[in-house]
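Each remark here refers to the structure printed beneath this line.
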Amino acid sequence: MRAVVRDAAPQLDPAQVASMYERVGGHRWFEALVERFYAAVEADPVLRPLYPDDLGPARAHLTGFLVQYWGGPTTYSEERGHPRLRMRHARFAIGQAERDAWFRAMSSAVRAAGLAVVDEEAFLTYFDLAATSLVNQGP
Ligand code: HEM
């Protein structure tokens, strides 16, 4: 069975997910995370061709989505509706190489924040499961 992104949540402590937004520093922390992530995307030969020339909207959407997922304001869904990440990624060919490149870029962005180990682990576990759930191409 394929996991969907929300299914990643039960593997984490729900209280830890709900309180993460405030604990790490709110919107600005997520903006900085996504900034680091997209700087890595820009330099990545596997990922860069998948994204549009203008990374601005992608940055804003990912920030809003993560803020909402980790307990912050729900502006993302108010503006864009239900995340439906598998559906929104269906038009990109995501195989193991793309998944691994994405997770590599995001895990460096997470590690650069210097969070408490337990919080860092929660983000890495979530992104690992979420990225795997978006693979839509077989080997
Ligand atoms: C597995 C590798 C992944 C690849 C190759 C990938 C690639 C992409 C691309 C190309 C876009 C479109 C950007 C645009 O048109 O502006 C996108 C959008 C997005 N991605 Fe990913 N993605 C991956 C994994 C993930 C994961 C794991 C998450 C969440 C944890 C995520 C969250 C999002 C969000 C929220 C959007 C914007 C959706 C919207 O509101 O339109 N992606 N992704």
For the range 37-53, what does the Karplus curve 6.51 cos²θ - 1.76 cosθ + 1.60, with θ = phi - 60°, yield as ³J(HN,Hα) per residue in whole Hz, taken in order and with x for Gly and Pro? 4, 6, 4, 5, 4, 4, 9, 9, x, 7, 7, 3, x, 6, 9, x, 4
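Provide the gained length on full extension for the span R28 to T74, in nm with one decimal, where the gain is 0.36 nm per separating residue minus the Cα-Cα distance.
On the way: separation 46, 0.36 × 46 = 16.56 nm, distance 1.54 nm.
Stretched out fully, the R28 to T74 stretch lengthens by 15.0 nm.
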Relative to the Cα centre, what is the charge dipole magnitude of the chain, using +1 at the beta carbon of each Lys and Arg, -1 at the beta carbon of each Asp and Glu, and rounding to the nearest 20 debye? 360
Could you run the Debye sum over the Cα atoms of the range 43-139, one equal point scatterer each and no solvent, and tell me log10 of I(q)/I(0) at q = 0.11, 0.17 Å⁻¹, two decimals? -0.35, -0.88
Taking the chain and counting helices only, DSSP H stretches of n ≥ 4 at -39,500 (n - 2.57) each over all residues, the nearest-500 ellipticity at 222 nm comes to -19500 deg cm²/dmol
Where the chain is the region considered: accessible area per residue in Å², 1.4 Å probe: 56
Could you grab the relative contact order for the chain? Cα pairs under 8 Å, six or more apart, rounded to a whole percent. 36
For the chain, the accessible surface attributable to carbon and sulfur atoms (probe 1.4 angstrom, ligands and nucleic acids excluded) amounts in percent to 55
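The values are calculated or read from the model by the stated rules, or taken from the named source; none is laboratory data. Just so it is clear, the structure is predicted and the values come from calculations on it, not from any experiment. All Cβ positions, even for glycine, are placed from backbone atoms using ideal geometry, and neighbour counts span all protein chains on display. Accessible surface is based on the protein model in full, side chains and every heavy atom, while ligands, DNA and RNA are left aside. Shrake-Rupley method; radii C 1.70, N 1.55, O 1.52, S 1.80 Å.
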